[in-house]
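Heads up: the structure comes next, in structure tokens.
The values are calculated or read from the model by the stated rules, or taken from the named source; none is laboratory data. Worth saying up front: this structure is predicted, and the values here are computed from it rather than measured. Cβ coordinates were reconstructed from backbone atoms using ideal geometry, including for glycine residues, and neighbour counts include every protein chain displayed.
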């Protein structure tokens, strides 16, 4: 229904999609400005940083397209309109995810894919079948990790009722963090996004393996391939938190 509504004004949809792509592309422009003054950032070339930027941007874009509307759940809880969704013969999670579906978010995915293609053509790598599979797995698993975070953030809003910014600090904030090499950050921060909130598995660890670099924490090599497992765990935790939050819901004011 929401897609049909958007397509009723095709020019408006095209302009907002382009605006979404341009807005997210400004992050990459900032990276290019940095490289106008330096040859490497934390030991990474512009093409290598572009690969980091592109993988996390596409992953977040996919997650945002599917579950980005969970960030607006707090509004429905506060005004009581969530109750209307609870009496409908459809899963609550699917309804909230589809509520005011924003197809224009494909703009972020499109510009991320554009940067990814540019990075792949500029990197001096032997693109074997294994490397291609690792790259695809990285993007898909990264999207699943962000989806798990969106779900956990949605569950938290049943308690906080207005926690969209808290959720954004882990999604959009995490995306900005992952656009840059882990070598420019303090080791304590890298540990935190590896073992506490496993954002490093979105792209840092698998991309370091793809580029043939050692990770700054000196972890075993097999850890670089654990993104799908971590994604499954994060999504599982998010699902459990969502289930518990819905069961504890007692209408507006709870």
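Pick from the range 87-113 the residues that are free of Cβ contacts under 8 Å to residues at least 60 places away in the same chain and in a helix (DSSP H, G or I): which of them is farthest from residue 51 (Cα to Cα)? Top of the filtered list is 95.
Yes/no matrix, rows are residues, columns are (1) more than 25 Å from residue 5 (Cα to Cα); (2) in contact with a strand residue (DSSP E or B) (Cβ under 6 Å, 6 or more places away or on another chain); (3) surrounded by fewer than 17 Cβ atoms within 10 Å (Cβ to Cβ):
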residue	(1), (2), (3)
96	no, no, no
103	no, no, yes
117	yes, no, yes
127	yes, no, yes
138	yes, no, no
144	yes, no, no
149	yes, no, no
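Listed by position, the helices (runs of 4 or more DSSP H) enclosed by the range 1-81 that each have at least 1 residues that are crowded, with 21+ Cβ neighbours inside 10 Å are 10-35, 46-67, 73-79. Pairing residues of the range 115-135 that are on the phi > 0 side of the Ramachandran plot and free of Cβ contacts under 8 Å to residues at least 40 places away in the same chain with residues that are assigned to a helix (DSSP H, G or I) and surrounded by fewer than 15 Cβ atoms within 10 Å (Cβ to Cβ), at Cβ distances under 7 Å and at least 6 apart in sequence or on separate chains, gives no pairs at all. Can you confirm whether residue 229 is under 14 Å from residue 148 (Cα atoms) and touching a helix residue (DSSP H, G or I) at 6+ places or on another chain (Cβ under 8 Å)? It is false that residue 229 is under 14 Å from residue 148 (Cα atoms) and touching a helix residue (DSSP H, G or I) at 6+ places or on another chain (Cβ under 8 Å).
Listed by position, the helices (runs of 4 or more DSSP H) contained in the range 167-254 that have at least 2 residues being at pLDDT below 95 and under 30 Å from residue 80 (Cβ atoms) are 227-248. Taken over the range 178-194, residues that are closer than 24 Å to residue 71 by Cα and out of contact with any helix residue (DSSP H, G or I) (no Cβ under 7 Å at 6 or more places or on another chain) amount to 1.
The set of residues in the range 75-85 that are farther than 22 Å from residue 171 by Cα and in contact (Cβ under 8 Å) with a residue 40 or more places away in the chain comprises 78, 79, 80, 82, 83. Do the conditions hold for residue 219, that is, is it touching a helix residue (DSSP H, G or I) at 6+ places or on another chain (Cβ under 6 Å) and either closer than 17 Å to residue 59 by Cα or free of Cβ contacts under 8 Å to residues at least 60 places away in the same chain (or both)? Judged against the criteria, residue 219 is not a match. Hey, could you check the range 237-252 for residues that are touching a residue at least 60 places away in the same chain (Cβ under 8 Å) and loosely packed, with under 13 Cβ neighbours inside 10 Å and say which is farthest from residue 197 (Cα to Cα)? Of everything passing the filter in the range 237-252, 251 is farthest from residue 197 (Cα to Cα). Residue 31: touching a strand residue (DSSP E or B) at 6+ places or on another chain (Cβ under 9 Å) and in contact (Cβ under 8 Å) with a residue 12 or more places away in the chain, yes or no? It is true that residue 31 is touching a strand residue (DSSP E or B) at 6+ places or on another chain (Cβ under 9 Å) and in contact (Cβ under 8 Å) with a residue 12 or more places away in the chain.
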